[in-house]
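Participant: Here it is, the structure in full.
The values are calculated or read from the model by the stated rules, or taken from the named source; none is laboratory data. Bear in mind the structure is a predicted one, so any value in this text is a computation, not a measurement. When we count neighbours, we look across all protein chains shown, and the Cβ atoms used for this are built from the backbone with ideal geometry, even at glycine. Quick note on the areas: whole protein, heavy atoms, side chains included, nothing else; ligands and nucleic acids left out. Shrake-Rupley method; radii C 1.70, N 1.55, O 1.52, S 1.80 Å.
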Amino acid sequence: MKKKWWHDKVAYQIYPKSFLDTNGDGIGDLRGIISKLDYLKELGIDIIWLSPIYKSPFVDQGYDISDYYAIAQEFGTMEEFDELLAEAKKRGMYIVMDLVVNHCSDQHEWFKKALADPDGEYADYFYFVKGKDGREPSNYRSYFGGNAWEPVPGTDKYYLHMFAKEQPDLNWENPVLRQKIYDMVNWWLAKGLAGFRIDAIINIKKDTAFPSFPPDGDDGLASCVKMVEEVQGVGALLEDLKHATFEKWDAFTVAEVFNMKEDELPEFIGDDGHFSTMFDFSAHELTYGEHGWYDSKPIEFKKWRDTLFASQLKLQKAGFAANIIENHDEPRGASRYLPEHARNEAGKKMLGTTSILLRGIPFIYQGQEIGMTNCIRNDISEYDDISTKDQYQVAIDAGCSREEALRCCYENSRDNARTPMQWTDDENAGFTDGTPWLAMNPNYRQINVREQEVRTDSVLAYYRRLVHLRKADAYRETFTYGIFEPAYQEMADVFAYYRVSGESGQRIKTTLTIDNLTIDTNNGGYKDGYSPLDFSGAGETTLILVGENQLTARGNNPAVYAPNVKSGNKNENENEDAIQLTICGEGSLVANGGQDWPGIGNTGSARILIKGGNITAKGGGNAAGIGGSYGFWFDSIAITGGRVVATGGADAQNDIGCGRDPGGEGHGSK
């Protein structure tokens with residue numbers, strides 16, 4: 001793999017409208033973002049992705065752009081944007097913007113000129129297509145519901161909009177249009193932008209015959225996705241875009257891609273792929289309903305875990321994924337992926353770890369770091385999102401009651417992620433001195449940055465330490481480039497995996513559970529007769545204890561079997577062969593060894609370094625709590641942090657070290 005400057009970075013998405021308002025108009029602005037750069041730096045953020053701040057009528061919250069070269073006055077000025085770039089650079093941070101070029105706004109000058117002359121030059125910037133038999137050219141349903149074709153006034157033509165009717169699709173088959181897009185992209189990169197998040201980019205390739213498909217709903221329409229899935233040739237357009245723009249600037253690009261063919265993955269994110277990375281939406285796709293939100297499926301822990309594991313194994317063969325729990329288009333992860341009883345700070349920390357330490361570039365969405373949640377609304381009029389209003393009506397039309405339709409909006413609406421950032425427990429959460437553009441989530445009194453900044457056990461404090469751990473010199477290479485290996489897949493309630501460095505051989509194990517977990521190999525359970533945490537042949541290993549739940553390991557052998565080179569007694573002059581087991585983190589571990597076996601240790605050469613965690617280790621028979629049993633020599637044990645209680649077995653002489661020392665050379669310990 002070619003190493004790139006963005007591979008070891010951590011990204012943060014800002015939804016500017018909801019981040020921080022500094023002028024009292026109820027809308028977040030660039031000045032608010034500038035004021036919080038130090039907050040983001042302390043969190044460990046390298047790359048900041050801004051959702052659209054271009055000039056827009058905001059039919060779809062800025063994803064309908066009317067001027068690609070202008071900043072929307074609601075957010076500030078171009079001078080303030082330049083200041084943001086400069087201030088971010090001072091802190092070693094990078095700014096990435098949204099690139100929305102599948103469509104523009106119907107208020108863009110191109111579209112206005114197209115409507116003024118439906119047979120002229122600018123009409124070919126869009127898809128102006130004659131109807132068939134007095135009806136639309138085909139039976140496509142837009143992503144937001146309703147027909148994807150809108151009449152061109154005064155003609156027998158229609159224009160295509162795969163999203164809202166105010167978002168006409170751009171015709172990427174037109175080389176003149178493509179060049180104008182490339183010029184715009186290069187203009188922003190020349191200003192100092194580090195790259196782009198690229199919106200809905202798979203949709204730019206159309207089958208210009210626009211064939212109809214069998215209806216998939218009672219409205220007689222078929223999802224426009226059908227055409228996207230069947231058309232060929234998007235790769236050529238994406239390569240042209242890359243060579244004309246991103247490649248020239250070594251720019252970072254992260255693509256929003258659905259409906260991609262699996263064999264195209266290397267073409268998209270390989271070493272010479274179209275993009276630097278792409279979002280992994282595999283977990284999000286588990287929630288899709290057959291007909292809409294009203295029949296979407298609840299998340300099952302095991303299915304969610306297995307889906308993420310399968311995606312990690314697939315993606316690492318091709319390149320780098322961008323890992324997310326939530327974004328501006330999805331509900332809050334804490335409300336979607338955690339069961340009711342785990343929607344607390346412990347559960348939110350567990351959820352964060354599943355994303356931050358996986359292989360790929362982690363993206364944190366604003367408010368995720370404090371555990372913001374979905375927001376209950378009492379009426380559909382309280383929602384702003386265009387797709388939410390559509391899905392509410394779909395549910396009503398399907399026979400759902402008003403309460404049932406609102407419930408599915410609570411569970412799925414994009415507005416859940418767009419409620420303003422909760423900075424304090426003051427009025428309007430410190431977001432604005434005015435009236436917020438979207439009503440606050442009432443739980444800001446309990447969930448806010450100010451309250452969590454003073455607690456070392458808060459979700460915010462945990463995220464800061466977690467990001468620091470990922471970027472620590474001792475683990476950076478493994479967490480960046482190390483392969484992903486799933487573990488304990490036989491256990492339905494465990495989310496465990498290794499990150500293994502191909503460069504140093506370092507192995508890092510992360511084990512997560514929603515509840516306290518016991519792994520017992522004494523009585524016909526998981527891997528009967530083995531060590532529950534067996535690193536004996538693993539090479540250098542780091543065991544990270546995360547979250548607030550307790551992991552209990554009981555086995556016939558050592559509960560935690562440290563890596564070793566040779567079993568049996570060892571001479572002191574061989575200790576250069578010893579392999580280190582490092583235990584760190586904040587979680588709790590209880591390790592109970594079997595008869596004549598230590599709680600943590602092995603039978604040969606071992607180096608054990610404990611840097612953190614709440615650890616209780618008990619040996620059996622003649623074995624120490626941490627170390628070895630009768631007559632087995634090992635190199636060293638060092639405890640530099642955490643809370644450790646070690647107790648030897650009934651016949652042991654030592655709690656730490658050799659359980660019993662038979663005397664003679666080669667049986668000492670440090």
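Participant: Yes or no: the range 333-352 includes at least one residue that is among the polar types (S, T, N, Q), at pLDDT 95 or above, part of a loop (DSSP other than H, G, I, E, B) and in contact with a helix residue (DSSP H, G or I) (Cβ under 8 Å, 6 or more places away or on another chain).
Facilitator: no
Participant: Working only within the range 1-27, note down all residues that are modelled with pLDDT of 95 or more, of a type outside the set (D, E, K, R) and farther than 18 Å from L43 by Cβ.
Facilitator: Hits for the range 1-27 are W5, H7, T22, N23, G24, G26, I27.
Participant: A further question follows. For K36, are the conditions met, namely being basic (K, R) and within 18 Å of Y365 (Cα to Cα)?
Facilitator: On the way: basic (K, R): yes; within 18 Å of Y365 (Cα to Cα): yes.
When the stated conditions are applied, K36 passes them.
Each row is one residue, and each column tells you yes or no for (1) closer than 30 Å to F363 by Cα; (2) open to solvent by 10 Å² or more (accessible area, probe 1.4 Å).
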residue	(1), (2)
L177	no, no
W188	yes, no
A194	yes, yes
R197	yes, no
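Participant: Test E330 against the stated conditions and say whether it is touching a His at 6+ places or on another chain (Cβ under 8 Å), open to solvent by less than 20 Å² (accessible area, probe 1.4 Å) and not in a helix (DSSP H, G or I).
Facilitator: Details: touching a His at 6+ places or on another chain (Cβ under 8 Å): yes; open to solvent by less than 20 Å² (accessible area, probe 1.4 Å): yes; not in a helix (DSSP H, G or I): yes.
Taking the combined requirement at face value, the residue satisfies it.
Participant: So, one more: Can you tell me which residue among A318, A310 is open to solvent by 10 Å² or more (accessible area, probe 1.4 Å), within 23 Å of Y497 (Cβ to Cβ) and touching a Leu at 6+ places or on another chain (Cβ under 6 Å)? Please lay out each step first, then the result.
Facilitator: Values: A310 fails: touching a Leu at 6+ places or on another chain (Cβ under 6 Å).
Going through A318, A310 in turn, the sole match is A318.
Participant: Looking only at the range 26-80, which residues are more than 20 Å from A11 (Cβ to Cβ), in contact (Cβ under 8 Å) with a residue 40 or more places away in the chain and of a type in the set (G, A, S)?
Facilitator: The answer is G26, S56, S66, G76.
Participant: Let me spell it out: the conditions are (1) in contact with a strand residue (DSSP E or B) (Cβ under 8 Å, 6 or more places away or on another chain); (2) over 23 Å from A321 (Cβ atoms); (3) assigned to a helix (DSSP H, G or I), and M491 meets all of them except one. Which number is the exception?
Facilitator: M491 satisfies every listed condition except (3).
Participant: Confirm whether Q312 is touching a Phe, Trp or Tyr at 6+ places or on another chain (Cβ under 8 Å) and of a type outside the set (G, A, S). Walk me through how you get there before you give the answer.
Facilitator: Details: touching a Phe, Trp or Tyr at 6+ places or on another chain (Cβ under 8 Å): yes; of a type outside the set (G, A, S): yes.
So Q312 passes the test.
Participant: Which of (1) at pLDDT 85 or above; (2) on the phi > 0 side of the Ramachandran plot; (3) buried (at least 24 other Cβ atoms within 10 Å of the Cβ) is the odd one out, the single condition G547 does not satisfy?
Facilitator: Among (1) at pLDDT 85 or above; (2) on the phi > 0 side of the Ramachandran plot; (3) buried (at least 24 other Cβ atoms within 10 Å of the Cβ), G547 violates only (1).
Participant: Let me ask something else. Between V185, V254, V228, which is assigned to a helix (DSSP H, G or I), within 24 Å of D329 (Cα to Cα) and in contact with a Lys or Arg (Cβ under 8 Å, 6 or more places away or on another chain)?
Facilitator: On the way: V185 fails: in contact with a Lys or Arg (Cβ under 8 Å, 6 or more places away or on another chain); V254 fails: assigned to a helix (DSSP H, G or I).
Answer to the selection: V228.
Here's the yes/no breakdown for (1) within 20 Å of the chain's Cα centre (by Cα); (2) open to solvent by 20 Å² or more (accessible area, probe 1.4 Å); (3) of a type in the set (F, W, Y):
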| site | (1), (2), (3) |
| --- | --- |
| A209 | no, yes, no |
| S212 | no, yes, no |
| D218 | no, yes, no |
| C224 | no, no, no |
| M227 | no, no, no |
| L286 | yes, yes, no |
| K303 | yes, yes, no |
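Participant: Also, quick follow-up: Kindly evaluate F163 against the criterion of being part of a loop (DSSP other than H, G, I, E, B), surrounded by 18 or more Cβ atoms within 10 Å (Cβ to Cβ) and modelled with pLDDT under 95. Explain how you work it out, then say what you get.
Facilitator: On the way: part of a loop (DSSP other than H, G, I, E, B): yes; surrounded by 18 or more Cβ atoms within 10 Å (Cβ to Cβ): yes; modelled with pLDDT under 95: no.
No: the conditions fail for F163.
Participant: Now a separate question. Output the helices (runs of 4 or more DSSP H) that fall wholly within the range 380-458 and possess 1 or more residues being at pLDDT 95 or above and open to solvent by 40 Å² or more (accessible area, probe 1.4 Å), or say none. Outline the logic, then answer.
Facilitator: Values: elements: 386-397, 402-412, 415-418, 449-453.
Hits in the range 380-458: 386-397, 402-412, 449-453.
Participant: Residues of the range 389-424 being closer than 23 Å to P16 by Cβ and not polar (S, T, N, Q), which ones?
Facilitator: Of everything in the range 389-424, those that are closer than 23 Å to P16 by Cβ and not polar (S, T, N, Q) turn out to be K389, R414, D415, A417, R418, P420, M421, W423.
Participant: So, of the residues in the range 468-523 that are among the basic types (K, R) and within 27 Å of K303 (Cα to Cα), which turns out to be most open to solvent (accessible area, probe 1.4 Å)?
Facilitator: Taking the range 468-523 and keeping what is among the basic types (K, R), we get 470-471, 476, 499, 507, 509.
Of the ones still in play, those that are also within 27 Å of K303 (Cα to Cα) are 470, 499, 507, 509.
On the way: R470: 6, R499: 1, R507: 38, K509: 3 Å².
Among those that are among the basic types (K, R) and within 27 Å of K303 (Cα to Cα), it is R507.
Participant: What are the residues in the range 266-291 that are outside any loop (DSSP other than H, G, I, E, B) and in contact with a strand residue (DSSP E or B) (Cβ under 9 Å, 6 or more places away or on another chain), if any? Spell out the reasoning first.
Facilitator: Restricting attention to the range 266-291, the residues satisfying the condition of being outside any loop (DSSP other than H, G, I, E, B) are 266-269, 277-279, 284-287.
Answer for the range 266-291, where residues must be outside any loop (DSSP other than H, G, I, E, B) and in contact with a strand residue (DSSP E or B) (Cβ under 9 Å, 6 or more places away or on another chain): F268, I269, T277, M278, F279.
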